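Heads up, the thing below is written out as structure tokens.
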Amino acid sequence: AYLMYIRRSLDPRAIGARFPGLYRLVLNKYYVDEIYGALIVRPFNQVSTWMWQGFDVPIIDGAVNGVGQAVAAGSQVVRRIQTGYVRSYALTFLLGVVIILAYFALRF
């Protein structure tokens, strides 16, 4: 490289024409990027895609969405019970006390 580009005593085009295979190898940086892409990047992308579609979407997202749906279904039930009227709550409390007392009274 020093002789070609600093001292200019060798012509890089002449060397490239004389050794085309070596020229192509050096020009393509010893094909390191292509080898790295084929051995590392492409398999990693394939495994990542499989993990996303086969694990993340059905299992992780399914669990999160399932919990959300369970909470929404439970809130529909609780919504009917919770009216916001204190008299309804007091009546429910009183009925609960009566049921507990009746249970203990009939048990003995």
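Descriptive notes on the structure:
- Lone qualifier among ARG87, ARG13, ARG24, ARG79 - being open to solvent by 100 Å² or more (accessible area, probe 1.4 Å), without any contact (Cβ under 8 Å) to a residue 40 or more places away in the chain, in a helix (DSSP H, G or I) and in contact with a Gly (Cβ under 9 Å, 6 or more places away or on another chain): ARG24
- Members of region 1-10 found to be open to solvent by 90 Å² or more (accessible area, probe 1.4 Å) and either β-branched (Val, Ile, Thr) or in contact with a helix residue (DSSP H, G or I) (Cβ under 8 Å, 6 or more places away or on another chain) (or both), listed by number: TYR5, ILE6
- Count of residues meeting criterion [open to solvent by 100 Å² or more (accessible area, probe 1.4 Å) and in contact with a helix residue (DSSP H, G or I) (Cβ under 9 Å, 6 or more places away or on another chain)] in region 27-40: 1
The values are calculated or read from the model by the stated rules, or taken from the named source; none is laboratory data. As the structure is a computational prediction, the values presented were derived from the model and not from experiment. Because the Cβ atoms are built from the backbone with ideal geometry, glycine has one as well, and the counts that use them run over all protein chains shown. Remember, those area values only see protein heavy atoms, side chains included, never the ligands or the DNA or RNA. Shrake-Rupley method; radii C 1.70, N 1.55, O 1.52, S 1.80 Å.
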